[in-house]
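Enquirer: Please find one structure pasted underneath; my questions will follow.
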Amino acid sequence: MAASAIDDVDLVLRTMAKTIVDNAVYFAELDSVVGDGDFGYSLRNGFEVVVSDYDTFDRSSVGAVLKKVGFVLSGKVGGVSGPIWGTAFLRASQAAGDKTELTGADVIAILRAAVAGIMHRGGASLGEKTLLDALVPAIDTLEAELARPEAVQDHGSAALQEAADVAVRAAEGTKPMLAMRGRAAYTGERSIGSVDAGATAVGVILQSISAAWREKYE
Amino acid sequence: MAASAIDDVDLVLRTMAKTIVDNAVYFAELDSVVGDGDFGYSLRNGFEVVVSDYDTFDRSSVGAVLKKVGFVLSGKVGGVSGPIWGTAFLRASQAAGDKTELTGADVIAILRAAVAGIMHRGGASLGEKTLLDALVPAIDTLEAELARPEAVQDHGSAALQEAADVAVRAAEGTKPMLAMRGRAAYTGERSIGSVDAGATAVGVILQSISAAWREKYE
Amino acid sequence: MKKFVNDPRQFVPEMLEGIYLASDGRLKYEPKYNLIYRADMPQANKVSIIQGSGSGHEPAHTMIVGKGMLDAACPGDVFAGPPVEFVYETTKLLNSPKGVLHLVNNYTGDRLAFEQGREMCEADGIKVETLLVNDDVAVKDSTWTVGRRGVAGNFFVIKAVGAASEKGASLEELVRIGNDVIANVRTLGIALSSCTPPVKGSPLFEIADDEMEVGIGIHGEPGRQRTKLVSATEIVDIFLNAVVPDLPFKSGDEVALMINGLGGTTIGELYLLYGIAHKKLAAQGIKVFRSYVNEYCTSLEMAGASLTLLKVNEEIKGLLNEPAEVSIRVF
Amino acid sequence: MKKFVNDPRQFVPEMLEGIYLASDGRLKYEPKYNLIYRADMPQANKVSIIQGSGSGHEPAHTMIVGKGMLDAACPGDVFAGPPVEFVYETTKLLNSPKGVLHLVNNYTGDRLAFEQGREMCEADGIKVETLLVNDDVAVKDSTWTVGRRGVAGNFFVIKAVGAASEKGASLEELVRIGNDVIANVRTLGIALSSCTPPVKGSPLFEIADDEMEVGIGIHGEPGRQRTKLVSATEIVDIFLNAVVPDLPFKSGDEVALMINGLGGTTIGELYLLYGIAHKKLAAQGIKVFRSYVNEYCTSLEMAGASLTLLKVNEEIKGLLNEPAEVSIRVF
Ligand SMILES: Nc1ncnc2c1ncn2[C@@H]1O[C@H](COP(=O)(O)OP(=O)(O)O)[C@@H](O)[C@H]1O
Ligand SMILES: Nc1ncnc2c1ncn2[C@@H]1O[C@H](COP(=O)(O)OP(=O)(O)O)[C@@H](O)[C@H]1O
Ligand SMILES: [Mg+2]
Ligand SMILES: [Mg+2]
Ligand SMILES: [Mg+2]
Ligand SMILES: [Mg+2]
């Protein structure tokens, strides 16, 4: 991944938002196995505004647009997801600041800030069957892959695809975990045996972003 | 039917009460097609007391025992059936008075008094899809058959069987009728096509009584 | 059958005992006659107001026995009017020199029990008057000899005569007031599901996943027609198109508007229906004086709702605004 | 889905508009934040009491906004806590010099929204305190880091602090009173059926005709165990065996006893359960001071019930007996 401009951020955010809107029913179904079945719908309430109003957002800097998304989520998304995703975007925005170009290292720093925000807000650690269990290994992979020289040539396409694949596998890996957070936590032992909705969503979103990225850069 | 004593009345009332208790579910099912499904259960509330307490009833005269049954029904049976059947027994009791032996003509007079009571209380006429549509033709038949000389020999067994058969056919004949009385009346046109629960019950009860009668006298 | 129940035949008595125990001495219970009555009644200077009817419509009417509402209720089994004896004994027990008022919903079973019960009481020298509630517009008077059914509008009759009798109204005044309410109240019900009487143990009727029954009776009697389930807004149109022209309610009228749940429908949906109806009435120039959104007269756990309009005048408004004390607690 | 609904995503706003229209000017409605609040609030001499939580639990909590209860409610979608912005804007709008009390049911979503909302408000100089309701004994504290859920016991917290704040209590006193109620209230819920959130359009879980879910969560979360449906008396034993030893409630204690319907169960069944529980508690020497039998906190149209015990002292008794004015009308 070479230096990226705002229009790369646009691509990522638009793709992410559209993927969430399109998969709302699927995500909600996942959440209804041991959760309360609202995960996809809650996120959709926010991301459909991102889809429809994206053109009106202040995109003078990466920080500005991430902040705007964070505000939209805080205003529209309920349940655990609102504060978790809202905080993630606000922290990411702070990390991005007024940058208009991002290096690979910038991207990783922004993602790490988002993760720190999620952990701060929700108090979850790895292994507690949350979206962190897909997001964190995916970021680890992205960081390692971007460090390889090939990443410059393909604009990070392969690295992103590898990260997305890791997210999908990691989401699958939440199956045997005992849910410790969110509504699913109340089910205790019964939460074992089904994937976490949030982690699965991270895999689906990253796959979409990776596909869009490859279309642009390959 | 020759002169009958109290123990014939006992046979009839016990058989009737037991038949109603045994068929409560069936009668209620019939009532749920266009009525409200409580007919059999309502009657059972009263007749199960007749079954269990019959031995304690004052049977010094036919009028006495019929009055007691009428009181039990007024005390225990709700819905249309309580007042209708209660009044029928009270009027029958008045017609029977302190008799302890009944001629065929007495029996017919008692039954006619019951019918008059039902009509007075419920205001229904023939053809309005009620139990009257089975009961009245059955009584007519019984009266005609008892007038035949053979009726003396077999203690009215054949006459009773014929009356019971007429009741069953007449109950079947309520199918095309439009319900004008009771809860079934609210269904209007929809009541057409199914038999009336009360009329069907009359047929079932008369068949049981006839069978018990034949067992005793044939 | 998914119910909290022991022996289904003991459902009504066990429920009544619960009402009694929850009342903390304000009510008395006479199991022989399914009778729940005010512990402070009868009173020499107050008409006693009694209702029978079937069970299964709770909170109507056993749970609205209390000061300013009913003085006694002697229900029959689920969906069956009370035996005659319940009416007779209840009336005797509640007898007051000012008289006894029988509130009867217009069903043959209820009518017959109360007629016969009244005859027996009058033979004993008790002064009895009867009000017949018949607010259901689903049933057309002309078509059936039995007349219209009494449904949720019954609540307003109880509230009005209950409040008036607390203030000392005579039996004759109560009859006038009650008949005034009856003359001005209209209801239509729509069911989305069936219901299961405990003793029967299975649903009273079948209804497909995409169907509704318009004009349902509160005992599961079929209504005007079975149609496809439509949107809440279209359903409000069906309600209003049946109820408004029936009286008719006209521009300039003030009304009490009740959205009554039939048992299985959430109160959230009832408020949703209320909002739509309120706005549509306002558009017709009909002003809501007071709103009633809750379960008042149910059919066990049936999903569905009814809409009731009561045209109010100054007297009725005053009576509706009077306080009351009933078993059910909102807070 | 058998519901009175237009566009399912407009279910909550349309319901809230109905509540507003039914209130006859006593409530205000701010659609941007799903906000229902008292028209006469904020007041300089009264703490403002706010609850968020998900929708789908009606009458909790939008329908119990009123004098002596909540001052404002800003619910999220069905079964989802409100967005942070709702909490922030609601708190700003209801800000009083005496402070603002946030009543939060202990679910991660609700907690996070109210924590973040409070941080934002405090940055604006608003004085905020928080009460965390967690009365559900189905969830064991030790096993999960998220702690117990808040369920029907929430009602008693609202009633107590609502009454106290009407009488001028300070924010600190309300926190003390509220925590006293929270420390003494315990609940268990049992579901007989599932429920269908409007947007989802299909039931949250499957449950067989002869099964019940013991310890159900009010969002359809699974409970302690799935067992065969048993008799009402045995169910009351399950309730009491879970709730009584938990505090523990002891012989000589006085309690408020609530039988709360989860939405699809008839109030007749609730009274039946009440009667059995009342007698069993009496047999253990536990005296019911006041009864609550109704729907207080539902899970849409779920068939089921919960039993709540609140141990009362003189102060709490006084507060429970105070008057209140809420949207829902019994008469
Ligand atoms: N404390 C937490 N920290 C991080 N992620 C969490 C936390 N709790 C839940 N999640 C994630 O959020 C998802 C559920 O979101 P949502 O359905 O909106 O929440 P709710 O539990 O309020 O219904 C879970 O699948 C999980 O991945
Ligand atoms: N007015 C009436 N006169 C005579 N019989 C009647 C009348 N109304 C109803 N019936 C009979 O009673 C039966 C229904 O009884 P029941 O179910 O107890 O009454 P309800 O209509 O109160 O539920 C009907 O099948 C009919 O045969
Ligand atoms: Mg969820
Ligand atoms: Mg019937
Ligand atoms: Mg009946
Ligand atoms: Mg949720």
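Only the coordinates and a few stated rules stand behind these numbers; no lab work does. All values reported here derive from a predicted model rather than from experimental measurement. Please note: Cβ atoms are built from the backbone with ideal geometry, for glycine as well, and neighbour counts cover all protein chains shown.
Enquirer: For peptide C:291-300, how many partner chain Cβ atoms fall within 10 Å of a residue's Cβ, on average?
Expert: Working: counts 8, 5, 8, 9, 6, 3, 0, 3, 2, 4.
Taking the mean over all residues of the peptide, I get 5.
Enquirer: Fewest Cβ neighbours within 10 Å first, please rank B:GLU218, C:GLU122 accordingly. Could you put the intermediate results ahead of the total?
Expert: Working: B:GLU218 9, C:GLU122 12.
Fewest to most other Cβ atoms nearby, the residues stand as B:GLU218, C:GLU122.
Enquirer: Search the structure for amide H atoms under 5 Å from the amide H of D:THR298, placed 1.01 Å from N in the peptide plane, and list their residues when 5 or more places away or on another chain.
Expert: Those lying under 5 Å, H to H, from D:THR298 are D:GLU58, D:ALA60.
Enquirer: Once you average over the residues of C:53-66, how many Cβ atoms of partner chains fall within 10 Å of each Cβ?
Expert: Counting Cβ atoms of other protein chains within 10 Å of each residue's Cβ and averaging gives 3.
Enquirer: Turning to a different aspect of this structure: In Å and from the alpha-carbon atoms only, list the Rg and Dmax of the protein assembly as shown.
Expert: Final numbers for Rg and Dmax: 33.6, 120 Å.
Enquirer: A further question follows. Among the lysines, select those whose C-alpha is under 18 Å from the C-alpha of B:LYS99, and discard any that sit fewer than 8 residues away in the same chain.
Expert: Once the sequence-local lysines are set aside, what remains near B:LYS99 is B:LYS67, B:LYS68.
Enquirer: By count of other Cβ within 10 Å, fewest leading, how are D:GLU85, C:GLU58 ordered?
Expert: Final ranking by Cβ density, sparse to dense: D:GLU85, C:GLU58.
Enquirer: Under the Karplus relation 6.51 cos²θ - 1.76 cosθ + 1.60, θ = phi - 60°, what is the ordered set of whole-Hz ³J(HN,Hα) values for region C:220-235, x standing for Gly and Pro?
Expert: Values per residue, Gly and Pro as x: x, 4, x, x, 5, 6, 9, 10, 5, 5, 10, 5, 4, 5, 5, 5 Hz.
Enquirer: Which of the three applies to region D:8-183, rounded, prolate or oblate, going by the alpha-carbon gyration tensor with a ≥ b ≥ c and a/c under 1.5 meaning rounded? If you can, show how the numbers build up before the last one.
Expert: Values: a/c = 1.41, a/b = 1.10, b/c = 1.27.
Because its axes are fairly even, with a/c under 1.5, region D:8-183 counts as rounded.
Enquirer: From the label point of A:LYS216, set 7 Å from Cα along Cα→Cβ, how far away are the matching label points in the other copies, in nm, ordered shortest to longest?
Expert: 9.8
Enquirer: Another question about this same structure. When the Karplus curve 6.51 cos²θ - 1.76 cosθ + 1.60 is applied with θ = phi - 60°, which whole-Hz ³J(HN,Hα) does each residue of region C:104-111 get, with x for Gly and Pro?
Expert: 10, 7, 6, 10, 4, x, 5, 4
Enquirer: Rounded to the nearest 5, what is the percent of antiparallel bridges among the DSSP beta bridges in region C:8-183? All intermediate terms of the calculation are to be shown ahead of the outcome.
Expert: Working: 6 of 20 bridges.
Rounded to the nearest five, the antiparallel share is 30 percent.
Enquirer: Can you give the average number of partner chain beta-carbon atoms within 10 Å of each beta-carbon in peptide D:256-265, as a whole number? Intermediate results must be reported in sequence, preceding the final value.
Expert: Values: counts 0, 2, 1, 3, 0, 2, 0, 6, 8, 7.
Taking all residues of D:256-265 together, the mean is 3.
Enquirer: Here's another thing I want to ask about it. Using the 7 Å Cα-to-Cβ label point, sort the distances from D:LYS317 to its equivalents in the other copies shortest first and give them in nm to one decimal.
Expert: Ordered by increasing distance: 4.2 nm.
Enquirer: Using the structure shown, select from C:LYS46/D:LYS317; C:LYS2/D:LYS200; C:LYS98/C:LYS287 the pairs with a Cα to Cα distance greater than 26 angstrom. Don't skip to the end; give the middle numbers.
Expert: Details: C:LYS46/D:LYS317 33 Å; C:LYS2/D:LYS200 23 Å; C:LYS98/C:LYS287 37 Å.
As for pairs spanning more than 26 Å Cα to Cα, those are C:LYS46/D:LYS317; C:LYS98/C:LYS287.
Enquirer: Still on this structure, I have one more. Just order B:198-209, D:163-174 by mean Cβ neighbour count inside 10 Å, highest at the front, would you?
Expert: Numbers: B:198-209: 24.1, D:163-174: 18.1.
In decreasing order of mean packing, B:198-209, D:163-174 become B:198-209, D:163-174.
Enquirer: Per residue of chain C, what 222 nm ellipticity follows from adding -39500 (n - 2.57) for every DSSP H run with n ≥ 4, rounded to the nearest 500?
Expert: On the way: 8 runs with 100 residues, N = 331.
It comes out at -9500 deg cm²/dmol, rounded to the nearest 500.
Enquirer: Under a 5 Å amide H to amide H cut-off, with H placed in plane at 1.01 Å, what residues pair with D:VAL128 once short-range neighbours are removed?
Expert: Under 5 Å from the amide H of D:VAL128 lie the amide H atoms of D:VAL100, each far enough along the sequence or on another chain.
Enquirer: So, one more: Could you tell me the distance between the Cα centroids of region C:255-283 and region B:176-218, to the nearest Å?
Expert: Between the Cα centre of region C:255-283 and that of region B:176-218, the gap is 42 Å.
Enquirer: Further question on the same structure: Label region D:129-211 by shape, choosing from rounded, prolate and oblate, from the square roots a ≥ b ≥ c of the eigenvalues of the Cα gyration tensor; if a/c is under 1.5 it is rounded, and otherwise prolate applies when a/b is larger than b/c, oblate when it is not.
Expert: Values: a/c = 2.76, a/b = 2.01, b/c = 1.37.
Prolate.
Enquirer: Right, here's the next one. Given H placed on each backbone N at 1.01 Å, which residues far from D:VAL312 in sequence or on other chains put an amide H within less than 5 Å of it?
Expert: Result for D:VAL312 returns D:GLU254, D:VAL255, D:ALA256.
Enquirer: Another one. Considering only DSSP beta bridges whose two residues both sit in the protein assembly as shown, what percent are antiparallel, to the nearest 5? Intermediate values should be presented prior to the final figure.
Expert: Values: 56 of 102 bridges.
Approximately 55 percent, going by the DSSP bridge assignments.
Enquirer: Quick one: 3J(HN,Hα) in Hz for region C:186-203, Karplus 6.51/-1.76/1.60 with θ = phi - 60°, rounded, Gly and Pro as x.
Expert: 3J(HN,Hα) across region C:186-203, in whole Hz: 9, 9, 9, x, 10, 9, 9, 9, 8, 8, 10, x, x, 5, 5, x, 9, x.
Enquirer: Taking neighbour Cβ counts within 10 Å as the exposure measure, how do D:TYR296, B:TYR41, A:TYR26 sort from fewest upward?
Expert: Values: D:TYR296 29, B:TYR41 26, A:TYR26 14.
Fewest-to-most Cβ neighbours within 10 Å comes out as A:TYR26, B:TYR41, D:TYR296.
Enquirer: Could you grab the relative contact order for region D:185-319? Cα pairs under 8 Å, six or more apart, rounded to a whole percent. Could you put the intermediate results ahead of the total?
Expert: Working: 274 pairs, mean separation 44.9, N = 135.
The value is 33 percent.
Enquirer: Also, quick follow-up: If we hang a label 7 Å off Cα along the beta carbon direction at D:LYS32, how far is it from the matching labels on the other copies, in nm, shortest first?
Expert: Distances between equivalent label points, in nm: 6.8.
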